[in-house]
Amino acid sequence: MQFVVLVALSTLFCAATALGELVPRLVPRSQPFTLPIHSSHSLQRRDVIGANGQQGKGWSSVSASKDRLSHYTIVQFGEIHLRVALDTASSDLWVVSTGCRSPQCAQVPRYPLAYKSPTFLPVNDNATTFTARYADGSTASGYVAKETIKIANLTIPEETFGLVTSSNVTFTDQVSGIFGLGFPRISSILKATNSTPFFTTLAYKGLLDYPLFALSLTKNLTGSLTIGKFSPFTTFRQISWNRVATFPPFVNAVNETTATYLQWAIPLPSFSINGTSLTPNPTYPDIGGGRSLALIDVGASGITGPVQDVSRIFSQIEGARIVDTDAGQWVVPCDTIVPMTFTFGTTTYTLLPEDYIIGPAAGNPNLCLSWPRASPPSTDGIDWQLGAPFLNTVYSIFSFGINTKEPPMIGFYPLRNATEVANLVQNQTPQSLSSYLSSVSATVATTLPNVILATPTYTTPPYTLNSTITAAVGAVVSTGLATSTYSTIFGTLTPYNTTALPSITPEPSVVTSVITDPAGQVTTSVFTKTDSNVSLGLPPGWTNAGVGLRGSLTDVFSWPVSVLLLCTLLVSWTDVFL
């Protein structure tokens, strides 16, 4: 009798335990919990952990989306892998969660709230809200949480991020969120929780070999992101460095009396088209010393500028005309061979037609849509925004700056030297450009208007910053940058001691990545280097809502499955002996 009772109790225990593990436990979690023994990080540990146990540097592959509108990398949230789009014009890291019911969330992998991530920590019972707003009018909102986050082989336990529950941001290529690399002043999460964004945390705490990140974006849709170091080149002298501009406090700011860093924006002294050099006309000529500022933005798919400058550019290209006043869109003849340049500091960077042309209009195949587009004035005084078409021609290095010691800097290493550019300009032909556009399938599905449109006009809005406070370029500030424990490299004297910058050499291998999305669809991509094959949005061995288990054999036989197998064996054993 005792044996029968023991077996019966064991069976009930098995069934209850299995059901308890298989039924998803939803967040928010208001009760504290303990990490299991097998976890690799302690919640009390606040340092950064690098690849192979090293600290201070990391490397991650970057890919361009198929529509060429964004560049993304893979971020690990606990055991969950998700793709995030890189953005130097914002600061927060956020991903959509399974709590998001917006149509834009339905088709992408999401952070699974039903999964009991052992490294997840709620913030204020998930009641601390945040909202990210972007220049195109899109928004994402949700709440702030903490998780062990790994990017580019660098790991921070208990790092704050946004879990989005409502969004109208449209992504492709299974991208699930945005990784902001901007200054903390524009962080929504910082305002809500006084917690710093991922890169800022690394810089504030002195956890990097040097407080910088670097981007390599190639036109074949591959690239890399390095944090803490950058890829070495033959000579450091080929990198041109530009001091970043400070911005005054906002007009309605309280207790702010000095200018600090807001965006990765640098002065643009000149640009040229077809050999004609032009001086920018800033939107606010009486502010900031009359300089025109350009935002270097990996999150932008193109180039935009003020209408007074963009219209002058296209007036120098024969056959160019505006075709969309709302979008500020011009077209040029598809056989143009006119080069376009932007000058930063004393260095000029050349864009060939294959760099700035978007593609032929399907209904007018002899006319090609082109960058730059004209944009309405920005109230912060940033006139230009240079995204992928420019960044594809340079290797870019963003040095965060050091409190009381050194300003933020942006370095450009041209991927084509002056001799190569001269040869390409000389040998450019309409046939070579046509061949290139055909090879990248750049045709735009549109038919152009057959009437002459007027150049758009915009009303200049009030300047939203305090114009009575001086904002210099390259000012050394006391707060908001990396900890002063770093030794300075960019001092007040030139040339800079850039040979002291730490470098990292990634593996030069080309590998294939196989990604499985939550719907079971498998996609294959080729990268210069990539993370291990992962299932987006799914922890190893976890299943939910009918999504099948994926992973190794040991993943499949996880704890709840093992309990059910044990129950089955006990029941069978009971049948045999009873």
For the range 216-277, the per residue accessible area (1.4 Å probe, Å²) is 42 Å²
Using the reciprocal of the averaged 1/r over all distinct C-alpha pairs, how large is the Kirkwood radius of the range 56-139 in Å?
15.0 Å
Checked against the positive end of the charge dipole of the range 357-512 (+1 on Cβ of Lys and Arg, -1 on Cβ of Asp and Glu, about the Cα centre), the farthest of Asn427, Asn450, Pro408 is Asn450
Taking all pairs of distinct Cα atoms, average 1/r, flip it, and tell me the Kirkwood hydrodynamic radius of the range 303-370 in Å to one decimal place.
12.6 Å
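Under a Cβ-Cβ cut-off of 13 Å, what is the net charge of the residues other than Thr479 that fall near it, where Lys and Arg count +1 and Asp and Glu count -1?
For residues surrounding Thr479, the net value is +1.
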Quick one: accessible area per residue over the range 305-431, 1.4 Å probe, rounded to a whole number of Å²?
34 Å²
Report in % the part of the accessible area of the range 365-473 that belongs to carbon and sulfur, leaving out ligands and nucleic acids; probe 1.4 Å.
53 percent
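Please give the per residue accessible area of the range 157-207, computed with a probe of 1.4 Å over protein heavy atoms only, in Å².
With the other protein chains kept in place, the range 157-207 gives 28 Å² per residue.
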With both bridge residues required to lie in the range 304-423, what share of the DSSP beta bridges run antiparallel, to the nearest 5%?
90 percent
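Take the residue pairs Lys116/Lys229; Lys66/Lys205; Lys116/Lys405; Lys66/Lys405; Lys219/Lys405; Lys57/Lys191 and return only those whose Cα atoms are more than 32 Å apart.
With Cα atoms farther than 32 Å apart: Lys116/Lys229; Lys66/Lys205; Lys116/Lys405; Lys66/Lys405; Lys219/Lys405.
The values are calculated or read from the model by the stated rules, or taken from the named source; none is laboratory data. These numbers were taken from a predicted model, which means no experiment stands behind them. For neighbour counting, all protein chains shown are included, and Cβ atoms are generated from backbone atoms with ideal geometry for every residue, glycine included. What goes into the accessible areas is simple: the full protein's heavy atoms, side chains included, and nothing from ligands, DNA or RNA. Shrake-Rupley method; radii C 1.70, N 1.55, O 1.52, S 1.80 Å.
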